[in-house]
Every structure is written in structure tokens, then in C-alpha cells.
Amino acid sequence: MYVIATAGHVDHGKSTLVRALTRMEPDRWAEEKRRGLTIDLGFAWTALPSGRDVAFVDVPGHERFLGNMLAGLGPAPAVCFVVAADEGWQAQSGDHRDALAALGLDHGIIVVTKADRAPERVGEVLAQARTELTGTGLAQAPAVVVSATTGAGLEELRAALDDVLGGLPEPTAGGRVRFWVDRSFTVKGAGAVVTGTLTAGTLAEGDHLEVLGEGAPRSVTVRALHSRNEAQSSTGPTRRVAVNLRGIPAETVHRGDALVTPGAWPLAEVVDVRRTTGSELSEASGQLLVHVGTATVSAHVRPFSARHARLSLDRPLPLVPGDRLVLRDPGSRTVFGGARVLDVDPPELSRRGDGTRHAAYLETVPDGGSARHEVVRRGAVRLGALQRLGLVGPERDGPQTDGAATGQAADQTATRQATGQAAAEVRELGQWWVHEPVLARWSRRLRAAVEELAAADPLAAGLSRGAAAEVLGADPELLDAVITEAGLGLDGGYVVLPGGRRALGPAEASIAAVEARLARDPFDAPEGDDLTALDLGPKALAAAERTGRILRLDGDVVLLPTAPARAMRELAGLEQPFTTSQARQALGTSRRVAIPLLEHLDARGWTRRLDGSHREVAR
């Protein structure tokens, strides 16, 4: 199915045109039918000559219902812009033009209606419409002249719609769902039902989703799906869909809420934006109404310049860089302008001059943001966060193929290197993207801290992982990568300088004396009194062991690291099996040394204990 919204001034025949094309009544309320005035969104569908199914979202044209109109136009990928031949371009024609320009809609058709009432004005009205649409995505749109009353031009319109819809970009059926709700109601025996336009992703029975609106996200399950009043087990884009939900009452879901894939979307309360159309952002009053999808929220505006501003939203919305916003002044029934989201988690600006510096930074951000800018600004970003922002991975959701997508594509082309998407100055480390200069700075900082500790306390085990993470001020997940980058090592949970013989400060001479003694007689382990006389306590001995200078066994036995191998050469020459006494004699040592040494060999699997007094060399 394809979806197209109507647009145009009140009483220019939008609903009549939809009725003639579909033979369905788009007006849903008795008040609308009584007054002959569309107040809220209407829906109808039909098949085109090619067999394409098309659903129409019929929007109100009166200025008082501009918010309703924007809710219908927001999620639509194409527009049918209507101008009546007998009245020509009118005030709300301009409002609707400004709205579609703000949304970046560039697929659609111009329809001159009521041609039977003023056939002599058709050419003039069409020329005027093209002039007014200059600079929008419909400037070169195809045009058809019709009369819904006589039926003239309707077949040509159907054919033209076929061509326009056939040229729409292929929507993304995979990936995350962001389904903006435009209606919510209860069906007896079924429960809550919400409707909307599915522009990306796929919905299926049994899906677990979240409803994002006022308050905390609420978990729901898809009980059933309908499209064109037909049951569906699953449905993809682009399509009008009714979703029967389990786990939530209908009265708690409202127009402007979004049905989303859990955990797949950032919830933004503060966003930085760039003006795309309309008035300069520096002219905005303190408050604006923000329209996106079917949602309307109030926002406080902090202008940075004519092109850039920060919007603080009254409630969080599932937004990503590149989303298009329509801005309205609360005191006006017209469109103030359009904006594109650049950042959904911008930095706090609390110091003097922050706003000026940030405005300069925003000038460098491409339309729709970029993974590179996000990583450069933050230093390090999880890949999952970049995917939630739509900056890497699957395409953004939604029908818009404006500059946001172009900016994203250009950025990804520039950054696609070794792993596919990380830039030359961005290192991909597991599930993190890290800015190279930041990684280099962390590495220098960590190495300096380890070297400083080693100089101040040569006997220290090293820098603990917790202390190392504090030195970096980075996520502990990145520590191992920084350790490697800095040319450091890990020893028993401590960050240490690279291997090799290390001086042990005041203990160096004493350890050297022990090494000399054991070099003369490998199994003549110094007694406790000998170690005390050399001022070698547990800390000094532990440091010497960490650096590979000595081997410590149970019972405070100190040997050289080569002692086990030398012992094995002696034991292999004994008749097998051998006793502890025979081993002691072969090694020329005491039971104090022989027993812990033999237990050490057992633990390494080099010898095997057979009973209480016999062992053998393992084969």
C-alpha cells in the first residue's frame, strides 16, 4: 500500500476528491457531515490502474484545525495538493505549502479541482499555484485538472498518482519501528486499537513494543493487525494500519504518542535544530509549538543564531538527527517555519560564551548529524547509541529522503574505512567508537600515572583497574583498549609497565643478594631470619615475584623462578616412584623446602602423588 495526504485551503474539494476516487466517505464525524467541513483526519483507500493500493489521509483545510492537518501530513510520504479553480490560491493554501516545505516533502501532485465551475481560470490558477510552490519539493510536481462532480480528469489523476507513487523511495521494511498514533479507540471484545501510518519497519502479531507519550514508556503486545479492514498477521511499510494492543487501555493512548521498538530510540527532551524554511530562529518568541509525526508539543526556544536554536520540549519525544519539525507560534494559526534536528542529547551550556561557541560548532554539523561529529564531540560513543541515533547501521525510519539522508550518506561515505563505517580519525574498539586524539590523550595520561606510581613506590603492585579508570575519566569498558594502546600490561588486576627486569628501589640490593645465594645453591632457600636481616618483608617479596625475580612457595620459601625446572631434572633421574626423603636428598635441601616445592610440582602436573609418601614424574 502507498499513502498520500491531501493538502489545500478549506472548501477546495479535498474530501470530495477523495470520495470520488475511492467511493468511500472520509469524513468520520456527524458534525463534519452536517457542516460539510472537515474537522479531523479522514481515511479512505482504493486501487490504482497499475494495481497499486493507495490510502488517502484527508486533512482539514480550515485555519483553526491546522494542528490536525499537520498530524495527517507529518507521517505521509507524498501529498496531493489541491487548489480550486473558482477560488485560486488562498490563505490556507499558503499555510499548507509552508507545512509541506517544513516537512521536506518532495513527492506529490498538484490537483486543480472544481474545473467545471471556472474552466476559464484553470490555466491562471495552475500558474499561480506553481509560482507559490516555487522553492518547495512540489515546484515541478505533475498537475492534473479535475472535476469531482462531473468526473472529468479523474482517470488522468489516477494515472498520475500511479506515476508519482511509483517514484517514491523504497521504504525500509527491516529495523526499528516508530509508529505515530493518530487515533485511539476501543473495540468491544478486542480492547485498545490505535491507527497510524507505518513508514518503516514491520509490525507482526505478538510483537512486544512500547508506547511513548506522557509519563514513562509502557510495554504492550500486538494482539492483532488490520489494514484496509482486512486482518494481517504482519505488515510492512508504507501502509495505514490499525493495531490492536494488549496491556493498555485505549483512553491512555493519544494522538501524538508513538508505538516503538523497545530500547531502539533515544528519548529527547532537549534538541539542537537548524532552520530549513520560514522565519529566522532568532525571531522566535520564547515558546513555539513543535509538530513532528502526529505529535504537538510546546517548547522553549533558545536561539543561537538565525539558523540554529535549542528547543527544550515539554515532554520527551523519540527523535533522531535528521528528523524534520514544523514550528508554529502559539499565538498564530500560521506556520512559523521548519527545522531539522541536529542533536538529541546536546551538551549543557552554562559558562559565559558557551552559546557563541556552540553556535559556531553547529555550523560545522552536516544536515542530519553525523557519526563522526558525534564521536568527536563526545570523545567516545557506544555503537548502540550511534545506531539508536540513526547515524550508523540501518537507514533512518520514515519517508523523508531530504538533505538529512543525503548528509548521512555523505558522512558515511567519508567515514567508511576498515570496519565499514568508522572514520580515519575514529577508532572502532569493540562496541565503542573513539576519537583518535582522545584515545592518544588517555594513553599518555594512563602511562604517566603508572610510571609515576612505579617511581614513587617501586614495590607497588601497579595501578588498580579502578584507579586507572578514574585517571582516564572514561567508561571502564574502554580500559583494556587504552592499556594496550599505551603499551602497558595487566598483572593480577593491576596495570603495570611492560615486562623486563625492574629495579625494586630500596629492596633491589637485598633481592640481588638472594638471587646470588640461590645461583650458587638453587634449593638453599633463605630462612625467615635471613629475609628479616635483609629487610625483605611481604611487600618487597611480592614486588620481586611480580617482576619475575623470585618464586614464592608455601611456608615463606623463596627460590628462583628456574627452580622447578631444575628440580625436575634431578627427580627424573631417580628410580620411580620416589619418596619425599629421596627427593630431598637428590635436591640437597631440607624438608622445609622440599615439601612445598614438590606440592608446587604436583599442582603444575609435572609430578603425580601416588600415596602419602610416594610420587612419580608425570609422563
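Brief remarks follow.
Matching residues to (1) buried (at least 23 other Cβ atoms within 10 Å of the Cβ); (2) assigned to a loop (DSSP other than H, G, I, E, B):
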{"position": "HIS96", "(1), (2)": "yes, no"}
{"position": "ALA99", "(1), (2)": "yes, no"}
{"position": "ASP106", "(1), (2)": "no, yes"}
{"position": "THR150", "(1), (2)": "no, yes"}
{"position": "GLU155", "(1), (2)": "no, no"}
{"position": "ARG158", "(1), (2)": "no, no"}
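- In the range 170-240, counting only strands (runs of 3 or more DSSP E) that sit wholly within it, the ones holding 2 or more residues that are under 26 Å from LEU389 (Cβ atoms) span 178-187, 191-198, 208-212, 218-227.
- Those residues of the range 247-261 which are in a strand (DSSP E or B) and either over 27 Å from the mean Cα position of the chain (by Cα) or of a type in the set (Gly, Ala, Ser) (or both), in sequence order: ALA258
- Residue in the range 496-507 that is over 14 Å from ALA454 (Cβ atoms), in contact (Cβ under 8 Å) with a residue 40 or more places away in the chain and either touching a strand residue (DSSP E or B) at 6+ places or on another chain (Cβ under 8 Å) or of a type in the set (Val, Ile, Thr) (or both) present: no
- Total residues in the range 322-378, condition in a loop (DSSP other than H, G, I, E, B) and either crowded, with 22+ Cβ neighbours inside 10 Å or among the charged types (D, E, K, R) (or both): 13
- Taking helices (runs of 4 or more DSSP H) as the structural unit, those lying wholly within the range 502-574 and holding at least 3 residues that are in contact with a helix residue (DSSP H, G or I) (Cβ under 8 Å, 6 or more places away or on another chain) correspond to 508-520, 538-546, 563-572.
- Given (1) open to solvent by less than 40 Å² (accessible area, probe 1.4 Å); (2) without any contact (Cβ under 8 Å) to a residue 60 or more places away in the chain; (3) touching a strand residue (DSSP E or B) at 6+ places or on another chain (Cβ under 8 Å); (4) of a type outside the set (A, V, I, L, M, F, W, C), index of the condition SER305 fails: (3)
- The residue of the range 577-619 that is most open to solvent (accessible area, probe 1.4 Å), among those that are part of a helix (DSSP H, G or I) and of a type in the set (Val, Ile, Thr), is ILE595.
- Only residues that are under 17 Å from ALA78 (Cβ atoms) and over 30 Å from the mean Cα position of the chain (by Cα) were counted across the range 166-199, and they come to 1.
- Considering residues of the range 127-147 that are in contact (Cβ under 8 Å) with a residue 40 or more places away in the chain and over 20 Å from ASP95 (Cβ atoms) only, the residue most open to solvent (accessible area, probe 1.4 Å): VAL145
The values are calculated or read from the model by the stated rules, or taken from the named source; none is laboratory data. Just so it is clear, the model here is predicted, and its values are computed rather than measured. FYI the Cβ positions are ideal-geometry reconstructions off the backbone, even for glycines, and counts take in every protein chain you see. Heads up: the accessible areas ignore ligands, DNA and RNA and are worked out on the full protein's heavy atoms, side chains in. Shrake-Rupley method; radii C 1.70, N 1.55, O 1.52, S 1.80 Å.
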